[in-house]
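K.L.:
If you scroll down you'll find the structure; I have some questions about it.
The values are calculated or read from the model by the stated rules, or taken from the named source; none is laboratory data. Small disclaimer: the values here were computed from a predicted structure and weren't measured. With ligands, DNA and RNA removed, areas are computed over all heavy atoms of the protein, side chains included. Shrake-Rupley method; radii C 1.70, N 1.55, O 1.52, S 1.80 Å.
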Amino acid sequence: MAEAERITGTPESGPEPGQGDGGETERGAAEAGATATQPKRRRITALLVVALIVYLLDLGSKLLVVAKLEHHAPVQVIGTLLQFEVIRNRGAAFSMGEALTIFLTLIAVAVIVVIFRVARKLYSLPWAIALGLLLGGAFGNLTDRLFRSPGVFQGAVVDFIAPAHFAVFNLADSGIVCGGILIVLLSFRGLDPDGTLHKD
């Protein structure tokens, strides 16, 4: 009888009831937490990739036109409708506010700081693209402010895209404007940077 109890009786010591479930629950929670952070990393990566592309395109185009076109006659791209003409602009986008160079530089720095703060809660891909356009454009023009003459924080931005009857601008300005328009559209749609969609 004792032998039978040893065979069919109390099982060998193991986890108490619920212990295994608790371990599985903890592992599941950890995996869920890891999964939840993955979209955030992907969105931040998208932001940085877009910003880097805009920045490199802007920087490369400015270096090229300064080396090849500055102090030369405008180059006609589409007749007189679109030309490349190098202009040094100490003002804001589209040559506005030329007497406020230092103030505009500080605004660019503030915009960059705000974008990085928003990026900490960034789960939306459209917002990542919009902020990346803004960030790349802001860094592009800020580079000119810091490193071009007449001096640090007062440098003139290189503009060269000259449509007929319109202000001369550069690729950084284009990134800023496109990013701003996209942000307005996303806001009207009710989409927040964290991916929340508000429906009225």
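K.L.:
Want the number for LEU106 to LEU185: 0.36 nm per residue separation, take away the alpha-carbon distance, what's left?
P.N.:
Details: separation 79, 0.36 × 79 = 28.44 nm, distance 2.65 nm.
Once the chain is fully extended between LEU106 and LEU185, it gains 25.8 nm.
K.L.:
Based on the Kirkwood radius over alpha-carbon pairs, what is the Stokes-Einstein translational diffusion coefficient of segment 79-200 at 10 °C with 1.306 mPa s viscosity, in µm²/s? Numbers along the way, then the final one.
P.N.:
Working: Rh = 15.4 Å.
Reported coefficient: 103 µm²/s.
K.L.:
Keeping every protein chain present and rolling a 1.4 Å probe, give me the accessible area per residue for segment 43-200 in Å². Before the final figure, lay out each step's value.
P.N.:
Working: 8730 Å² over 158 residues.
Each residue of segment 43-200 exposes 55 Å² on average to a 1.4 Å probe.
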